[in-house]
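Derivation of every value follows stated rules applied to the coordinates shown; laboratory data play no part. A quick note: this is a predicted structure, and the numbers were derived from the prediction, not measured. Ideal geometry is used to build each Cβ from the backbone, glycine not excepted, and the neighbour counts take in all protein chains shown.
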Amino acid sequence: MQRDHRNQRDHGKLDEGREHGMSVAIYPGSFDPITYGHLDIIARAARVFDRLVVAVLENPRKTPLLGDDDRADVIRRAIEETLAPDVARRVSIERFDGLTVEAARHHGAGFIVRGLRAVSDFESELQMAHFNRKLAPGIDTVFFMTALEYAYLSSSLVKEIARFGGDVRGMVPAAVAERLEAAAAAG
Ligand code: PNS
């Protein structure tokens, strides 16, 4: 059994993204918009991995309130606003289209990071993790638990509140709140 494992490793199937002794992870998402919950996951993952790529899905299925450039830009500003400089230095923001596992390979990531707010997230996340493992056996999904104070946050509810003119400060960083207010005002 152990021998089979070693053989698979020798052929690179079970050991992706661990080159040069660096552990690289990708955190994919729609981030429409990024919330304090996402930022909490980024901070936690950035403590564990040497490099974290926040991968923003282009043209997500649900029509995004913020465009691709805006979503990536507010993430950049939110990370600068909320993370310590030595942590932020290890986080990069990239856009991607297509499969998460392909984006992971492209960036040399051996791990996919996802956040769990509650048990209800688990079922769909588990399914996605299994699909991704089938597609890329050498890439593991790693789950981080969101801090309890952010467990209620969801991008879609934040968007809804902003659309109806509600105050979203405290749910998202200031840079995001400003963009949401502007987008809502523009209709
Ligand atoms: O922030 P979200 O909307 O929960 O993120 C979902 C995301 C982007 C991680 C997921 O939809 C995804 O990975 N999309 C890329 C296409 C893909 O790889 N699909 C197969 C995963 S099972």
Viscosity 0.692 mPa s, 37 °C: Kirkwood-radius Stokes-Einstein D of the chain over Cα pairs, µm²/s:
190
From DSSP H assignment alone, runs of 4+ in the chain each adding -39500 (n - 2.57), the sum over residues rounded to the nearest 500 puts [θ] at 222 nm at -14000 deg cm²/dmol
Once phi is turned into ³J(HN,Hα) by the Karplus curve 6.51 cos²θ - 1.76 cosθ + 1.60 with θ = phi - 60°, what whole-Hz value does each residue of region 80-96 show in order, with x for glycine and proline?
4, 5, 10, 9, 4, x, 6, 7, 4, 4, 8, 10, 10, 10, 10, 9, 8
For a Förster distance of 22 Å, can you work out the FRET efficiency between the beta-carbons of residue 122 and residue 62, rounded to the nearest 0.05?
0.55
To the nearest 10 degrees, the tilt of helix 174-186 (Cα long axis) against the first principal axis of the alpha carbons of the chain is 60
Take the alpha carbon atoms of region 28-43, find their center, do the same for region 63-108, and report the distance between the two centers in whole angstrom.
9
Got a sec? Charge dipole of the chain, +1 on Cβ for Lys and Arg, -1 for Asp and Glu; which of 165, 67, 37 is way out at the positive end?
37
